[in-house]
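Below you'll find the structure, written out as structure tokens, and then a few comments.
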Amino acid sequence: MRPSGRKTDQMRKISFERNFSKHAEGSCLVKFGETHVLCTASLEEKTPPWLRNSGKGWVTAEYGMLPRATGDRMRREAATGKQGGRTQEIQRLIGRSLRAVVDLEALGEKQITIDCDVIQADGGTRTAAITGGFIALHDCLKWMEARNMVKVDKVLKDHVAAISCGIFAGQSVIDLDYLEDSAAETDANFVMTGSGGIVEVQGTAEGKPFSREEFLTLLDLATAGTAELVAMQKAAIAG
């Protein structure tokens, strides 16, 4: 039995609140159970130096956790003068995941930055950030389209969403919360497109190595889960 009482293939309650931020070109407050992440998309009329005069744009991401997103207060990384390795790794993952479904030439010489701020953490913050970050990105592009800057269907090639899966208490489960994640025998994050393509897989055995069969079971859970998330994204965007 999972601590939450969920079935092995049952995700937490998930919601998307669009236009959460007044000033951002696109924004979404995404909730995966008790994990809440605010994703904002900001447009800049410039590109990184290495892309200047290339005709291509760029999509990047920044990630951070508020001091009381967890049980004990964490010191702000700004106060230490540098980002931690985990933060850098996660924000690079978010950026890669979103760029996988963006036509950078169709975007033109502009940059969109997706800021993902964890308000409350209970496991799966990076996967929630990717899934909600896509909606913020979509809405930023819709803002641009309304001003004749781009065509959304030209820039976005597909949806992208992410989910965690793992082996907890000998069972393969989806969408791990903190209690499961902290005690999982295997923990994996899957980033997949709406058409079922795999963007990235991050899998780690916390104790004994996991088998090929167990990995395929996790992949099946993730495939079904991301398909459900994409359907939720489409419903949110249509609304």
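Can you tell me which residue is least open to solvent (accessible area, probe 1.4 Å) among those in region 168-182 that are farther than 20 Å from Thr35 by Cβ and not in a loop (DSSP other than H, G, I, E, B)?
In the first step, residues of region 168-182 are kept if they are farther than 20 Å from Thr35 by Cβ; the result is 169-172.
From the residues that got through so far, the ones that are not in a loop (DSSP other than H, G, I, E, B) too are 171-172.
Values: Gln171: 71, Ser172: 29 Å².
That would be Ser172.
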- Query: Among Gly166, Gly194, which is the only one that is of a type outside the set (S, T, N, Q), in contact with a His (Cβ under 7 Å, 6 or more places away or on another chain) and modelled with pLDDT of 95 or more?
  - Reply: Gly194
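Suppose we filter region 92-105 for residues that are in a helix (DSSP H, G or I) and over 13 Å from the mean Cα position of the chain (by Cα); how many remain? Steps first, please.
Start the filter on region 92-105 by keeping residues that are in a helix (DSSP H, G or I), which leaves 92-99, 104-105.
After this cut, where a residue has to be over 13 Å from the mean Cα position of the chain (by Cα) as well, the list is 104-105.
Number of matching residues: 2.
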- Query: Among Thr217, Thr204, Thr131, Thr223, which is within 24 Å of Ser42 (Cα to Cα) and either in contact (Cβ under 8 Å) with a residue 60 or more places away in the chain or not aliphatic (A, V, I, L, M) (or both)?
  - Reply: Thr131
- Could you list, in sequence order, all residues of region 30-54 that are in contact with a Gly (Cβ under 7 Å, 6 or more places away or on another chain) and either without any contact (Cβ under 8 Å) to a residue 60 or more places away in the chain or more than 12 Å from Leu137 (Cα to Cα) (or both)? Val30, Phe32, Thr35, Val37, Thr47
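Name the single residue, out of those in region 59-91 being assigned to a helix (DSSP H, G or I) and in contact (Cβ under 8 Å) with a residue 12 or more places away in the chain, that is surrounded by the fewest Cβ atoms within 10 Å (Cβ to Cβ).
Glu77
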- Item | Selection count where residues are touching a Gly at 6+ places or on another chain (Cβ under 8 Å) and either aliphatic (A, V, I, L, M) or loosely packed, with under 14 Cβ neighbours inside 10 Å (or both), scope region 183-205 | 2
- Message: Being without any contact (Cβ under 8 Å) to a residue 24 or more places away in the chain and either closer than 14 Å to Ile14 by Cα or in a strand (DSSP E or B) (or both) is the requirement here; does Asp187 meet it?
- Response: yes
- Message: Whether any residue in region 129-136 is open to solvent by less than 50 Å² (accessible area, probe 1.4 Å) and more than 13 Å from the chain's Cα centre (by Cα) is what I want to check.
- Response: no
- Residue list for region 105-114, filter: open to solvent by less than 40 Å² (accessible area, probe 1.4 Å) and not polar (S, T, N, Q): Ala106, Leu107, Gly108, Lys110, Ile112, Ile114
- Item | Single residue of region 106-127 satisfying the filter (more than 19 Å from Gly55 (Cα to Cα) and part of a helix (DSSP H, G or I)) that is farthest from the chain's Cα centre (by Cα) | Thr125
- Task: Kindly check whether there is at least one residue in region 9-16 that is hydrophobic (A, V, I, L, M, F, W, C), open to solvent by 60 Å² or more (accessible area, probe 1.4 Å), part of a loop (DSSP other than H, G, I, E, B) and within 20 Å of Ala128 (Cα to Cα).
- Result: no
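Within region 206-239, can you find the residues that are outside any helix (DSSP H, G or I) and loosely packed, with under 14 Cβ neighbours inside 10 Å?
At the first step, the residues of region 206-239 found to be outside any helix (DSSP H, G or I) are 206-211, 239.
If the condition is that a residue be outside any helix (DSSP H, G or I) and loosely packed, with under 14 Cβ neighbours inside 10 Å, then Gly207, Lys208, Pro209, Ser211, Gly239 are the ones that fit.
Determine whether Lys31 is open to solvent by 40 Å² or more (accessible area, probe 1.4 Å), more than 22 Å from Ala100 (Cβ to Cβ), of a type outside the set (Val, Ile, Thr) and outside any loop (DSSP other than H, G, I, E, B). Give the steps one after another, and end with the answer.
Numbers: open to solvent by 40 Å² or more (accessible area, probe 1.4 Å): yes; more than 22 Å from Ala100 (Cβ to Cβ): yes; of a type outside the set (Val, Ile, Thr): yes; outside any loop (DSSP other than H, G, I, E, B): yes.
So Lys31 passes the test.
Quick test for you: out of Asp158, Asp139, Asp117, Asp122, pick the one residue that is touching a Lys or Arg at 6+ places or on another chain (Cβ under 7 Å), closer than 30 Å to Asn19 by Cα and among the charged types (D, E, K, R). It would help to see each step written out before you state the result.
On the way: Asp158 fails: touching a Lys or Arg at 6+ places or on another chain (Cβ under 7 Å); Asp117 fails: touching a Lys or Arg at 6+ places or on another chain (Cβ under 7 Å); Asp122 fails: touching a Lys or Arg at 6+ places or on another chain (Cβ under 7 Å).
After ruling out the rest, the residue left standing is Asp139.
The values are calculated or read from the model by the stated rules, or taken from the named source; none is laboratory data. What you are looking at is a predicted structure, and each value in this text was computed from that prediction instead of being measured. Cβ coordinates were reconstructed from backbone atoms using ideal geometry, including for glycine residues, and neighbour counts include every protein chain displayed. Just so you know, the surface numbers come from the protein's heavy atoms only, side chains and all, with ligands and any DNA or RNA stripped out. Shrake-Rupley method; radii C 1.70, N 1.55, O 1.52, S 1.80 Å.
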